[in-house]
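Peer 1: Please read through the structure below; I'll follow up with questions.
The values are calculated or read from the model by the stated rules, or taken from the named source; none is laboratory data. Predicted model, so just to flag it, every value in this text is computed and none were measured. As a convention, Cβ positions derive from the backbone with ideal geometry for all residues, glycine included, and neighbour counts pool all protein chains shown.
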Amino acid sequence: MNKKIGFIGCGKMASAIIKGVLSACCKPEVEIKGSEVNCEIAELAQNRLGIDVLTDNRLLTIDSDVIFIATKPNYVAQILEEIKDEITPEKLVVSIAAGVSTEKIENIIGQNRVIRVMPNTPALVQEGMSGVCKGAYATEDDAEFVMKLLSNIGKVIEVEESQIDIVTAISGSGPAFFYQVIEDMARAGEKLGLEYEKSLLLAAQTALGSAKMVFERGELTVQNLIDNVATKGGCTFVGIQTMKEENSAKLFNDVIKNTARKANELGK
């Protein structure tokens with residue numbers, strides 16, 4: 001790859017990406033630096049990540065081929081105004097700021113290459129799920145580069161920007177939804193008389209194993225997997241019937257729909 005990559009903002013998500021790339025078995029030939037305008041935060045990030053962390057966003061931009069905007073969404077416009085004069089056509093801007101469209105970024109930095117990424121927090125344990133979309137001037141090579149980079153912290157798909165709110169609802173917000181399901185199952189076990197920590201272990205490991213089964217299902221559908229466990233007349237079948245009676249499909253449809261709608265509103 002032979003790229004110089006700069007991260008403006010070295011918070012949790014940026015740190016996950018940085019650590020994932022640096023610890024990859026077949027590490028790409030990249031040089032990574034970061035920037036934090038606060039001197040103390042920059043020093044802490046430098047010690048934590050083992051990379052150079054500057055306190056000048058403009059200098060980082062000048063010295064980088066790829067610039068990750070990894071700040072909170074409400075700071076993105078300010079950061080872009082600060083560095084826009086240093087962004088040349090040869091540089092690629094990658095934003096992981098939720099709700100900030102590529103068009104908004106291009107309106108500030110002009111007709112330059114922009115990739116937008118929606119990552120999620122399991123990236124912190126190298127099990128992330130990222131959605132990637134191109135701006136108006138980005139190329140397939142740009143998308144391929146970013147996807148290869150992010151594959152070091154989990155799985156990646158490319159989508160149209162019109163679909164990014166769906167990605168936000170399913171994988172961006174999704175960890176919290178699964179945590180809630182795991183917590184609800186664990187509390188249900190606790191109410192029936194099993195210690196909470198044991199119930200939590202049962203629920204969490206079962207979620208992990210079930211996800212792995214989905215990935216390794218071969219030609220089976222998810223419904224096949226359900227049917228293989230929920231033998232008619234058995235205890236699992238009763239549980240599935242309860243879920244259908246309570247209309248769990250509608251519940252999760254509403255959860256994803258409302259979350260995607262809110263993501264869309266935040267981007268306006």
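So that you can scan it fast, the table gives a plain yes or no per residue for (1) more than 20 Å from residue 79 (Cα to Cα); (2) buried (at least 20 other Cβ atoms within 10 Å of the Cβ); (3) over 10 Å from the mean Cα position of the chain (by Cα); (4) free of Cβ contacts under 8 Å to residues at least 24 places away in the same chain:
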position: 107; (1), (2), (3), (4): no, no, yes, yes
position: 113; (1), (2), (3), (4): no, yes, yes, no
position: 125; (1), (2), (3), (4): yes, no, yes, yes
position: 136; (1), (2), (3), (4): yes, no, yes, no
position: 141; (1), (2), (3), (4): yes, no, yes, yes
position: 147; (1), (2), (3), (4): yes, no, yes, yes
position: 150; (1), (2), (3), (4): yes, yes, no, no
position: 155; (1), (2), (3), (4): yes, no, no, no
position: 161; (1), (2), (3), (4): yes, no, yes, no
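Peer 1: A follow-up question, please. Quick check on the stretch 179-191. Is at least one of its residues within 17 Å of the chain's Cα centre (by Cα), modelled with pLDDT of 95 or more and not acidic (Asp, Glu)?
Peer 2: Yes, the conditions are met somewhere in the stretch 179-191.
Peer 1: Further question: I want to confirm something. Restricting to the stretch 214-230 and keeping residues that are of a type outside the set (Val, Ile, Thr) and in contact with a helix residue (DSSP H, G or I) (Cβ under 7 Å, 6 or more places away or on another chain), which single residue is surrounded by the most Cβ atoms within 10 Å (Cβ to Cβ)?
Peer 2: Among them, the one singled out is 230.
Peer 1: On to the next question. Looking at 102, 88, can you tell me which residue is under 29 Å from residue 264 (Cβ atoms) and not assigned by TED's automatic domain parsing to the domain that holds residue 259?
Peer 2: On the way: 88 fails: under 29 Å from residue 264 (Cβ atoms).
None of the others qualify; the one that does is 102.
Peer 1: Residues of the stretch 54-94 being under 17 Å from residue 113 (Cβ atoms), touching a residue at least 60 places away in the same chain (Cβ under 8 Å) and assigned to a loop (DSSP other than H, G, I, E, B), which ones?
Peer 2: Those that are under 17 Å from residue 113 (Cβ atoms), touching a residue at least 60 places away in the same chain (Cβ under 8 Å) and assigned to a loop (DSSP other than H, G, I, E, B): 64, 65.
Peer 1: Would you kindly identify the helices (runs of 4 or more DSSP H) lying entirely within the stretch 95-197 that contain at least 2 residues that are under 19 Å from residue 16 (Cβ atoms)? Explain how you work it out, then say what you get.
Peer 2: Values: elements: 102-109, 140-150, 164-167, 174-191.
Here the list reads 140-150, 174-191.
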